[in-house]
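S.K.: Could you have a look at this structure, given as structure tokens, before my questions?
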There are 2 protein chains.
Amino acid sequence: MAKEWIELAAAVLAAASAVGKKESEGPLGELFDLCDKSDRFGMNTWEAAEGEMQRMAFNTALAKAKLHDQDLGGLFAGDLLNQCVGSAYGLLDFNVPYFGLYGACSTCAEGLMLAATFVSCGAFDRAAAVTSSHYCAAERQYRTPIEYGGQRPPTAQWTVTGAGAFILGAPEAGKRQAVIRRAMPGIVRERGINDANNMGAAMAPAAEDTLVRFFSATNTTPDDYDLIVTGDLGFEGGELLCELLRTDGYRMGKNYTDCGRLIYRRIEQDVHCGGSGCGCSAVVLASYLLPKFASGELSRILFLSTGAMMSPDSIKQGQNIPAVAHLLEICGE
Amino acid sequence: MAKEWIELAAAVLAAASAVGKKESEGPLGELFDLCDKSDRFGMNTWEAAEGEMQRMAFNTALAKAKLHDQDLGGLFAGDLLNQCVGSAYGLLDFNVPYFGLYGACSTCAEGLMLAATFVSCGAFDRAAAVTSSHYCAAERQYRTPIEYGGQRPPTAQWTVTGAGAFILGAPEAGKRQAVIRRAMPGIVRERGINDANNMGAAMAPAAEDTLVRFFSATNTTPDDYDLIVTGDLGFEGGELLCELLRTDGYRMGKNYTDCGRLIYRRIEQDVHCGGSGCGCSAVVLASYLLPKFASGELSRILFLSTGAMMSPDSIKQGQNIPAVAHLLEICGE
């Protein structure tokens, strides 16, 4: 049998976020580093706007860490766009080795896990993870252009317009910081959901699988963590996850939440089942969760980004939705 | 400054390939493990056929290594399809943690580099890299469906229908094997090419950049290697690479070749500038290059997969083509 989890020691040296209008008007609006209320970030296309968000978020994270691009050994990045052009074009200006990822909305945790592994084993002194999504680019790629005005079913989620960037390095002695200590990569699971407007249901079994394997391997329970936070299961998927875990013998308490629930006001902002997208867990982690480690409010959490790995074509071809959930244990030290 | 290259010690325990009709009729045809002359692999869509090729190649590699899926710590996989559905669906049956990648045609070297790093640092005892492309799926996604019968310009390359799978682990004492010893991840480069039918020209500067950085950092020259083999620069891009390197003071000799040149008979098979696609470098490495380490014919090579990171949308939006080239030094030991 293979090892069950990965032991790591990688501190988050800096993190930054850039978001659009709707995110800036949500409950976490004040916390994000950068915002463009036009959602365009000075660009002519939604796809280029998404790339520009990544560029700005990464630049801001570098500035916060007082580092230059050449100080990094590698950059792990991805997004939802076909051929991940948000990352490929957005990060083109930087002189850093580039590892392109596609994990759908799980990309944030996937990138952090890879960057943390490269840092922990000494392959790189420092590495970065960057990821993004853009509502208007995602809608026209996955569903219909926003001009079409399509009706959204109650289980639909709202793709976050946002980019998050993280710079990881060795933990520094004598400084309170967030350190990635353990990771469990996800196994792709598919349990018969083929409704692209109910991604929470498609992703919940993947999150369940990763969590159960992690609790079992580490001999811990949900109560051992200050917070267990999933990426974008939203309201529907989050409830399903708690139900699924109950059947496995794990009771999720008030310490469970989801980035897709945190980022918007559900009713007032009319987001149905909450936020989603590669940017969702990235900006919530960068600007809401990580500062709580510095302040001492959090000292041990499980952070899982969840991704639904279908394409518009695979849905039209009648295939179900495979999903994956990557887990990180982050500790305040 | 960040470290320039990654020191590794990961042996290729097994490799396998699955290809279509045209590849089976090329000069390497006899070497591939599996072939379906219908290019369909028993599936109803080209996309599902691509996934099935990955499944078969990975299964064959596992069998050759006498391992089960649970013996692996992780699987690094990707392809050219939107949202990388070839990998997500094709590898769904396996009970292995999944890291989705998007590096266009550089994905083979990217996956091998990540798998080799995880194995070398002990995060995983064994890991796999799997990648694929399918001519018919790629044509209808990037250009036009094959039924359209579009004319191909002379600089066009032919997307390889093929999947390659590799299983990496610690080198075994007393056995002649191919070992990945050093790696240099690529930096994304873009030099003004915006013709999606001339990807060799778009990718050559990325290969140049990685090679020059590697030669300079390791104080080696092209003459120090039995072979320097790029992924799919083809005839046009390969010549450009040699010219570019000449201006940098490096002379590529007869030890330079390209997987896209090796896989087809240029004139008889009417492939214009040669093969391309994530599957190109993967199947050539798996079935043509790696066996030469076991036989002692090769003892030290540089293997670079090159990727053009545009999307059909980014081309229509008038953007140039960014490219990346990841390098592996593979030694017979």
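S.K.: Out of B:217, B:294, B:325, which single residue is at negative phi, away from chain A (no Cβ under 14 Å) and of a type in the set (Gly, Ala, Ser)?
M.R.: B:294
S.K.: Could you tell me whether residue A:24 is surrounded by 20 or more Cβ atoms within 10 Å (Cβ to Cβ) and closer than 19 Å to residue A:138 by Cβ?
M.R.: For residue A:24, the condition - surrounded by 20 or more Cβ atoms within 10 Å (Cβ to Cβ) and closer than 19 Å to residue A:138 by Cβ - is not met.
S.K.: Identify, from the list A:47, A:7, the residue that is within 13 Å of another protein chain (Cβ to nearest Cβ), within 30 Å of residue A:219 (Cα to Cα) and not aliphatic (A, V, I, L, M).
M.R.: A:7
S.K.: Mind checking which residues of region B:228-246 are in contact (Cβ under 8 Å) with a residue 40 or more places away in the chain and under 16 Å from the mean Cα position of the chain (by Cα)?
M.R.: Of everything in region B:228-246, those that are in contact (Cβ under 8 Å) with a residue 40 or more places away in the chain and under 16 Å from the mean Cα position of the chain (by Cα) turn out to be B:228, B:229, B:230, B:231, B:232, B:233, B:234, B:237.
S.K.: Answer with yes or no whether residue B:165 is closer than 24 Å to residue A:76 by Cα, surrounded by fewer than 18 Cβ atoms within 10 Å (Cβ to Cβ) and in contact (Cβ under 8 Å) with a residue 60 or more places away in the chain. Before the answer, list the steps.
M.R.: Details: closer than 24 Å to residue A:76 by Cα: yes; surrounded by fewer than 18 Cβ atoms within 10 Å (Cβ to Cβ): no; in contact (Cβ under 8 Å) with a residue 60 or more places away in the chain: yes.
In short, no.
S.K.: Test residue B:245 against the criterion of being over 25 Å from residue B:81 (Cβ atoms), surrounded by 19 or more Cβ atoms within 10 Å (Cβ to Cβ) and of a type in the set (A, V, I, L, M), and give yes or no.
M.R.: yes
S.K.: Sort out which residues of region A:271-298 are touching a Lys or Arg at 6+ places or on another chain (Cβ under 9 Å) and surrounded by fewer than 24 Cβ atoms within 10 Å (Cβ to Cβ), and write them in order of number. Outline the logic, then answer.
M.R.: Going through region A:271-298, the residues touching a Lys or Arg at 6+ places or on another chain (Cβ under 9 Å) turn out to be A:271-275, A:293-296, A:298.
Result: A:272, A:293, A:294, A:295, A:296, A:298.
S.K.: Of the residues A:24, A:106, only one is at pLDDT 95 or above and either within 14 Å of chain B (Cβ to nearest Cβ) or within 13 Å of residue A:165 (Cβ to Cβ) (or both); which?
M.R.: Being at pLDDT 95 or above and either within 14 Å of chain B (Cβ to nearest Cβ) or within 13 Å of residue A:165 (Cβ to Cβ) (or both) holds for just one of A:24, A:106, which is A:106.
S.K.: Does residue A:77 fit the bill of being touching a Ser or Thr at 6+ places or on another chain (Cβ under 9 Å), aliphatic (A, V, I, L, M) and outside the structural domain of residue A:217 (by TED's automatic domain parsing)? Give the derivation first.
M.R.: Working: touching a Ser or Thr at 6+ places or on another chain (Cβ under 9 Å): yes; aliphatic (A, V, I, L, M): yes; outside the structural domain of residue A:217 (by TED's automatic domain parsing): yes.
Criteria met by residue A:77.
S.K.: Out of all the residues in region B:70-95, which are facing chain A (nearest Cβ under 9 Å), in contact (Cβ under 8 Å) with a residue 24 or more places away in the chain and not aliphatic (A, V, I, L, M)?
M.R.: Result: B:70, B:71, B:73, B:74, B:78, B:82, B:87, B:89, B:94, B:95.
S.K.: Going by the structure shown, is residue A:49 out of contact with any Pro (no Cβ under 6 Å at 6 or more places or on another chain) and part of a helix (DSSP H, G or I)?
M.R.: In short, yes.
S.K.: Evaluate the following for residue A:117: is it in contact (Cβ under 8 Å) with a residue 40 or more places away in the chain, farther than 26 Å from residue B:313 by Cα, within 20 Å of the chain's Cα centre (by Cα) and facing another protein chain (nearest Cβ under 7 Å)?
M.R.: Working: in contact (Cβ under 8 Å) with a residue 40 or more places away in the chain: yes; farther than 26 Å from residue B:313 by Cα: yes; within 20 Å of the chain's Cα centre (by Cα): yes; facing another protein chain (nearest Cβ under 7 Å): yes.
Here the answer is yes, as residue A:117 does meet what is asked.
S.K.: Same structure, new question: Which fully enclosed helices (runs of 4 or more DSSP H) of region A:194-313 have 2 or more residues being β-branched (Val, Ile, Thr)? Please lay out each step first, then the result.
M.R.: On the way: elements: A:199-218, A:234-247, A:259-262, A:278-284, A:291-294.
Helices (runs of 4 or more DSSP H) meeting the threshold: A:199-218, A:278-284.
S.K.: Given the residues B:313, B:248, which is the only one that is of a type in the set (Asp, Glu), farther than 30 Å from residue B:57 by Cα and within 14 Å of chain A (Cβ to nearest Cβ)?
M.R.: Step by step, each of B:313, B:248 is checked, and only B:313 is of a type in the set (Asp, Glu), farther than 30 Å from residue B:57 by Cα and within 14 Å of chain A (Cβ to nearest Cβ).
S.K.: Return yes or no: is residue B:201 touching a residue at least 60 places away in the same chain (Cβ under 8 Å) and either surrounded by 17 or more Cβ atoms within 10 Å (Cβ to Cβ) or within 14 Å of chain A (Cβ to nearest Cβ) (or both)?
M.R.: no
S.K.: Given the criteria away from chain B (no Cβ under 13 Å), farther than 23 Å from residue B:97 by Cβ and either without any contact (Cβ under 8 Å) to a residue 24 or more places away in the chain or not aromatic (Phe, Trp, Tyr) (or both), does residue A:181 qualify?
M.R.: No.
S.K.: Further, regarding this structure: Using the structure shown, decide if residue B:1 is over 20 Å from residue B:116 (Cα atoms) and modelled with pLDDT under 95.
M.R.: Working: over 20 Å from residue B:116 (Cα atoms): yes; modelled with pLDDT under 95: yes.
Yes, satisfied.
S.K.: Now for a different question. Collect the residues in region A:51-69 that are within 13 Å of another protein chain (Cβ to nearest Cβ) and either free of Cβ contacts under 8 Å to residues at least 12 places away in the same chain or more than 22 Å from residue A:41 (Cβ to Cβ) (or both), keeping them in residue-number order.
M.R.: Hits for region A:51-69 are A:67, A:68.
The values are calculated or read from the model by the stated rules, or taken from the named source; none is laboratory data. Small disclaimer: the values here were computed from a predicted structure and weren't measured. For neighbour counting, all protein chains shown are included, and Cβ atoms are generated from backbone atoms with ideal geometry for every residue, glycine included.
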